[in-house]
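Comments concern the structure below.
The values are calculated or read from the model by the stated rules, or taken from the named source; none is laboratory data. None of the values given here were measured: they were computed from a predicted structure. All Cβ positions, even for glycine, are placed from backbone atoms using ideal geometry, and neighbour counts span all protein chains on display.
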Amino acid sequence: MKILFVASEGLPFSKTGGLADVVEALPKALVTMGHEVSVVLPRYRNTKASAVVLPSLTIPTGDGLRFPAVADGTAVAGVRYFFVDDPDYFDRDQLYSVQGKDYPDNAERFAEFSRAAVEIAKHVYPADVIHCHDWQSALVPVLLRTLYESDPVLRGVPVVFTIHNMGYHGLYPREALKRLGLPEKLFHMDAMEFYGKVNFLKGALVFADYLTTVSRKYAQEIQTPEYGHGLEGVIHQRAEHLFGILNGVDYSAWSPETDTFIAARYSPKDLSGKRVCKRDLLVQFGLPVDTLGIARPLIGIVSRFADQKGFDLIAQVANELLSEDLSIVALGAGEPKHEQLFRELAARFPGKIGVKIAYDNAVAHKIEAGSDMFLMPSRYEPCGLNQIYSLKYGTVPVVRATGGLDDTIEPFDPRTGYGTGFKFEAYSGQALLACLRQALSTFQNERAWRQIQANGMAKDFSWHASAAEYVRLYESARKARNQMAAGTSN
Ligand code: ADP
Ligand code: GLC
């Protein structure tokens, strides 16, 4: 099958979060299974292209035309890359926002990107199925099933849309439709209208052939008001076309046996390298490396700093938390209020918490390897990758039981020796604290701790099974769309 991925970020070219990991690893896995995959990404600053595929596409806007080029990113690991190249829109410092504020022209940027992706599917890479991700590519299904409805090339091409995060809608004033050259009929409650505004994500939820999200639990959660971000009704209506497919991870990038970012390699058979990594991590963060410092349980955090990630729980119980015998290392960047919280904690508890406000892949790897525990107290978490990476590094996850965190982490039971981590349910600082205290007390029992580490390191979350689920879905989407297209042409 020929599959075209459309996404706003993907490694090895661009990344702000887990979407980029998935957009790299899933196509690679599909290629290994014998499929042909291309990925369309924006050409951001620092994205190197090797040639021009098309010097200029013709992209309509409300009051004119724009002419992005299509650049060739060659093939990486058998996956072909195309970049939508419009320096005015994409050659910027950041991908979506600066200092926590979205770029004011994000609607225009990602409408152009989506329109260009549709043209690529038509002229450059005629795919059997198009797979889009999150709101930035949500206009692809909308365009295909409205303006391009009778296009003989695209009519039979199904779109699978993956929700990586229901919290980001692409929400704009009604006038945006006109500005983007989209038909006014889309301003309808059965299309893109959402409480008087235009909602890109809703467009995809309505028009895509199939919807997926990145864990089974999250597929259930987003049908409820607590997790649906106002779109639970729309999701619920499409429940028969919605599937939860758990993300895999790429162990060629995230394994302590081969990781070149960390101070020493190690494996389940011999964890001595992990101690070297812990020492190195403490040094990196300026925390004590004397005997007591080394012995103290070290808790790692690597995160986008966003409300989703639950750091207000840490704020609620900071004093009690940091009076425990533990150290914390935190790496993150994002919303200023969360950056501020961690800066303040570092100032108030020197020697106990080390903080880096940055995006730094090498340090992320060092934290996975050098920490004893990994903390993810998320308010919601569609899948979460870091806790899965942690398992492989023998770093025990302490997580809130939501979305993919709940699906991937099994609570440790000291009687049976079964389980891979520690989980709490209620979204409260006290629940977090109680759970962490349980983890800290288990940490004192060396045998039990070795058991949890071994259980986690033995888990296999590679992409194989999930990629096969996507293939099955692509196939049924193709079948259904072909039947529909045949029906409409009669
Ligand atoms: P999300 O996509 O919601 O941010 P995930 O857990 O799915 O959460 O994925 C986050 C990915 O981004 C992981 O690969 C993680 O290592 C990486 N990451 C997040 N914040 C940082 C950071 N400050 N520095 C380096 N890597 C980061
Ligand atoms: C999103 C989610 C995260 C998920 C990632 C990749 O950014 O917040 O939970 O792992 O996408 O699907």
**All positions within the range 1-12 that are of a type in the set (A, V, I, L, M, F, W, C), surrounded by 20 or more Cβ atoms within 10 Å (Cβ to Cβ) and touching a Phe, Trp or Tyr at 6+ places or on another chain (Cβ under 7 Å)** = I3, L4
**Asked** Within the range 364-382, is even one residue more than 9 Å from ligand 1 (Cβ to nearest atom) and free of Cβ contacts under 8 Å to residues at least 60 places away in the same chain?
**Response** no
**Prompt:** Could you say whether any residue in the range 335-342 is under 18 Å from the mean Cα position of the chain (by Cα), assigned by TED's automatic domain parsing to the domain that holds S441 and surrounded by fewer than 21 Cβ atoms within 10 Å (Cβ to Cβ)?
**Reply:** yes
**Prompt:** Would you call Y172 in a loop (DSSP other than H, G, I, E, B), hydroxyl-bearing (S, T, Y) and either assigned by TED's automatic domain parsing to the domain that holds A7 or farther than 15 Å from G203 by Cα (or both)?
**Reply:** no
**Request:** Provide a single number: the residues in the range 18-75 that are small (G, A, S), outside any strand (DSSP E or B) and modelled with pLDDT under 95.
**Result:** 3
**Request:** Return the total of residues in the range 324-340 being over 14 Å from L375 (Cβ atoms), more than 16 Å from ligand 2 (Cβ to nearest atom) and either part of a strand (DSSP E or B) or in contact with a Phe, Trp or Tyr (Cβ under 9 Å, 6 or more places away or on another chain) (or both).
**Result:** 3
**Request:** Please give the number of the condition D151 fails out of (1) among the charged types (D, E, K, R); (2) over 23 Å from T402 (Cβ atoms); (3) part of a helix (DSSP H, G or I); (4) free of Cβ contacts under 8 Å to residues at least 40 places away in the same chain.
**Result:** (3)
**Prompt:** So, of the residues in the range 154-168 that are without any contact (Cβ under 8 Å) to a residue 60 or more places away in the chain and surrounded by fewer than 23 Cβ atoms within 10 Å (Cβ to Cβ), which turns out to be farthest from ligand 1 (Cβ to nearest atom)?
**Reply:** L154
**Asked** on the phi > 0 side of the Ramachandran plot, more than 16 Å from ligand 2 (Cβ to nearest atom) and touching a Ser or Thr at 6+ places or on another chain (Cβ under 9 Å), is that true of G181?
**Response** yes
